Amino acid sequence: MKPLHWLALAALAVLLPWLPGLPLFWVSLACQIGISAIIATGLVVLTGVAGMTSFAQASLMGIGAYATAVLSTNYGLSPWLGLPAALMASLVVALAMGAVTLRLSGHYLALGTIAWSVSLYYLYANLDILGRNDGISGIPPLSIAGWRLIDIRASAVVIGLGLVGAMLTTRHLLDSRWGRAMRALRGGAVAAASVGVELGQARMLAFVYAAVLAGFAGWLFAHLQRAVNPTPFGLVAGIQYLLMAVVGGAAHLPGALLGAILVVLVNNALQDWLPHLVGPGVNAETVVFGLALVLMLQAAPTGLWPLLARKSKPRHHDVTAAALPRTLMPAQGGVALQAINLQRRFGGLVAVADLSFTLYQGELLGLIGPNGAGKSTSFNLLSGVTQPNHGRVELGGRDMTGSSPQDMARCGIARSFQHAKLVQSLTVIENVALGTHLRGAASPVAAVLRRDRAEEARIFAEAAIQLERCGLADLADASATELALGQQRIVEIARALAAGPSVLLLDEPAAGLRHAEKQALAALLRQLRAEGMAILLVEHDMEFVMSLADRLVVMDFGTVIAEGRPQDVRRNPAVIEAYLGGVA
Ligand code: ADP
Ligand code: MG
């Protein structure tokens, strides 16, 4: 959305509540929707984008609400100063919660957040300073220049502006270097790690950001209701917020608002009608919501918003921005990468038995061998994805054994995967931009405040240049899922190049390409070699690899059975026997 659209939304939030003849009951519903939508916006980032389920958002809302309630009633702090305190409190609590919980994944993480929700509720209901079950009342309202915002319509304006602000900062965050990192967490974690994204940091960022938005909603809630008690911060509320995000379309920002509207309105209607059906005091809404959630996930698992949304138009990608910083290419001919007696077992299976070779800067080394010879496992060992049982990996003479993929990336390795690992929710150019992660420096705070535009322009210029180089400029704005498998592997090369590496590991990049595409790829690899890149190439197409490689290393059953110039290897009896047998 353009800045003008955001302004229009803000104007709507200011004016709409004062519409003549608008029933106050509707305004009060709108307030409830607005506060819920702020929390659901956090869940869009946490659950929809980063793929982590949290039932604890209502509890985190409680942190913000109680923080400002205690400070303004016990210590007479102005509500406006309560805002940073509420945000800070939810941030600190989320950091602590995340530190012990985020190592869990999937259902275990969800269970962990349920445990937190129950514990925090217990805390709210039992701490004297928080007023136990009675809570805290007499919280001062917000006031602007002496005007106390007590009118429900004034509250609606504040909440509306708060929601527009929350959506704007979230849009900014998602459209940034860290936003791409978080979006990669769902299904693209291995690829993101290979270009240096610290996954733990990205997960923590999503968790903390969602918590801060919940804390913000809690602050609004406390000063507009002017009383807090534990009930709205319990597990049932937590389930409802999650339901809103899922119903609306957890991966889409407008879905948060749509989901909040639906759930609040349906909840309201149910509270009117259900007592007539099942008798008073049964609280059957939870049952209905549970059923609704299940049916919803069956009928439209991605939520309602994608059914309503239009496809976005392609953007223009400027390639004129200044280049991103990069490390200098090491001198030609020096040792780039060395495998020394590498071994890797999977249970009883020895995938790599004994692998040693040296790759020089400015060299294109082919790694070949029949299926199951251990080539892809070797790639994983060399790029830190898996660790060897024995042996060493050296990069430019430095021992890198035991390093993480991120450390390997930091030291100049970039790779593609045999089974392409593009982030499905990113466009092609965004996937390539993810490759520049380590070359950018903008923090999440800079992204939220939109101080990262100059760097983003440079990142996208770099991504566009690499795509162009790989011959895929036309597909920049396509979704990664639309591409043929062969093209996906080429996008992986562009992503690897965007990292500005000195060593490039390519696992079967030519598989699935047409003849002309293979020739273009060969030309690109020759050019990269001429620039001094060290390239390790796994390839099944013998003609392709023989015509390109300076040297070949041939593997079979996890060991090197031959090594040398292509024309010599071709005649090696061991190779013919093991590998080319049928062909030769
Ligand atoms: P290549 O790439 O040369 O075809 P791979 O390195 O993919 O060979 O596989 C080598 C052997 O290791 C195969 O027998 C494969 O089944 C096995 N292997 C690879 N990865 C794993 C894993 N994660 N767990 C168990 N076995 C594996
Ligand atoms: Mg393989």
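The values are calculated or read from the model by the stated rules, or taken from the named source; none is laboratory data. All values reported here derive from a predicted model rather than from experimental measurement. We place every Cβ from the backbone using ideal geometry, glycine too, and count neighbours over all the protein chains shown. Remember, those area values only see protein heavy atoms, side chains included, never the ligands or the DNA or RNA. Shrake-Rupley method; radii C 1.70, N 1.55, O 1.52, S 1.80 Å.
Confirm whether ARG439 is at pLDDT 95 or above, within 16 Å of ligand 1 (Cβ to nearest atom) and of a type outside the set (A, V, I, L, M).
Numbers: at pLDDT 95 or above: yes; within 16 Å of ligand 1 (Cβ to nearest atom): no; of a type outside the set (A, V, I, L, M): yes.
No, not satisfied.
Set side by side, the residues ALA534, ALA562 differ, and just one is of a type in the set (Gly, Ala, Ser), touching a Phe, Trp or Tyr at 6+ places or on another chain (Cβ under 8 Å) and surrounded by 20 or more Cβ atoms within 10 Å (Cβ to Cβ), which is ALA534.
When LEU364, LEU359, LEU324 are checked against the criterion of being of a type outside the set (Val, Ile, Thr), open to solvent by less than 50 Å² (accessible area, probe 1.4 Å), more than 16 Å from ligand 1 (Cβ to nearest atom) and within 30 Å of GLU455 (Cβ to Cβ), LEU324 stands alone in meeting it.
Every residue, every condition in (1) assigned to a helix (DSSP H, G or I); (2) over 22 Å from HIS223 (Cβ atoms); (3) open to solvent by 20 Å² or more (accessible area, probe 1.4 Å), yes or no:
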site	(1), (2), (3)
SER117	yes, yes, no
ALA125	yes, no, no
ILE159	yes, no, no
GLY162	yes, no, no
THR169	yes, no, yes
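Within region 2-33, how many residues turn out to be of a type outside the set (A, V, I, L, M) and outside any helix (DSSP H, G or I)?
Here is the first cut: in region 2-33, the ones of a type outside the set (A, V, I, L, M) are 2-3, 5-6, 17-18, 20-21, 23, 25-26, 28, 31-32.
Next cut, outside any helix (DSSP H, G or I) only: 2, 20-21, 23.
Total satisfying the criteria: 4.
Number of residues in region 409-450 that are part of a loop (DSSP other than H, G, I, E, B), touching a strand residue (DSSP E or B) at 6+ places or on another chain (Cβ under 7 Å) and over 23 Å from ALA473 (Cα atoms): the value is 2. Of all the criteria given as (1) surrounded by fewer than 18 Cβ atoms within 10 Å (Cβ to Cβ); (2) within 12 Å of ligand 1 (Cβ to nearest atom), the one not satisfied by ARG344 is (1). Selection of first residues in region 368-381 that are assigned by TED's automatic domain parsing to the domain that holds PHE544 and of second residues that are near ligand 1 (Cβ under 6 Å from one of its atoms) and assigned to a helix (DSSP H, G or I), restricted to Cβ pairs under 6 Å at least 6 apart or on distinct chains, gives the following pairs, ordered by first then second residue: GLY369/LYS375.
Between GLY98, GLY76, GLY106, the distinction of being closer than 22 Å to GLY234 by Cα and either open to solvent by 30 Å² or more (accessible area, probe 1.4 Å) or aromatic (Phe, Trp, Tyr) (or both) belongs to GLY106 only.
Any residue at all in region 506-515 that's assigned by TED's automatic domain parsing to the domain that holds ARG410, more than 16 Å from ligand 2 (Cβ to nearest atom) and among the small types (Gly, Ala, Ser)? Spell out how you get there, then give the answer.
So in region 506-515, the residues assigned by TED's automatic domain parsing to the domain that holds ARG410 come out as 506-515.
Subset that is more than 16 Å from ligand 2 (Cβ to nearest atom): 513-515.
Filter once more, keeping what is among the small types (Gly, Ala, Ser): none.
No: region 506-515 contains no residue that is assigned by TED's automatic domain parsing to the domain that holds ARG410, more than 16 Å from ligand 2 (Cβ to nearest atom) and among the small types (Gly, Ala, Ser).
Among the residues of region 129-138, some residue qualifies, meaning at least one is surrounded by fewer than 14 Cβ atoms within 10 Å (Cβ to Cβ) and aliphatic (A, V, I, L, M). Does region 212-249 hold any residues that are on the phi > 0 side of the Ramachandran plot and open to solvent by less than 20 Å² (accessible area, probe 1.4 Å), and which are they? Within region 212-249, just GLY249 meets the criteria.
Identification of helices (runs of 4 or more DSSP H) wholly contained in region 482-584 with 1 or more residues that are more than 16 Å from ligand 1 (Cβ to nearest atom), under 30 Å from GLY435 (Cα atoms) and basic (Lys, Arg) yields 485-498, 515-530.
Checking the structure you have, find out if any residue of region 383-391 is on the phi > 0 side of the Ramachandran plot and surrounded by 23 or more Cβ atoms within 10 Å (Cβ to Cβ). Before the answer, list the steps.
Step one: filter region 383-391 for residues on the phi > 0 side of the Ramachandran plot, giving 384, 391.
Narrowing further to those that are surrounded by 23 or more Cβ atoms within 10 Å (Cβ to Cβ): 384.
Yes, the conditions are met somewhere in region 383-391.
Applying the criterion of being within 25 Å of THR436 (Cβ to Cβ) and under 32 Å from the mean Cα position of the chain (by Cα) to the residues of region 331-382, the residue that is nearest to ligand 2 (Cβ to nearest atom) is PHE379. Restricting attention to region 410-420, the residues that are open to solvent by less than 20 Å² (accessible area, probe 1.4 Å) and more than 16 Å from ligand 1 (Cβ to nearest atom) total 3.
With ALA499, ALA522 as the choices, which residue is in the same structural domain as LEU382 (by TED's automatic domain parsing), within 39 Å of the chain's Cα centre (by Cα), modelled with pLDDT of 95 or more and closer than 20 Å to PHE379 by Cα? Even if it seems obvious, please write down each step before you answer.
Values: ALA522 fails: closer than 20 Å to PHE379 by Cα.
None of the others qualify; the one that does is ALA499.
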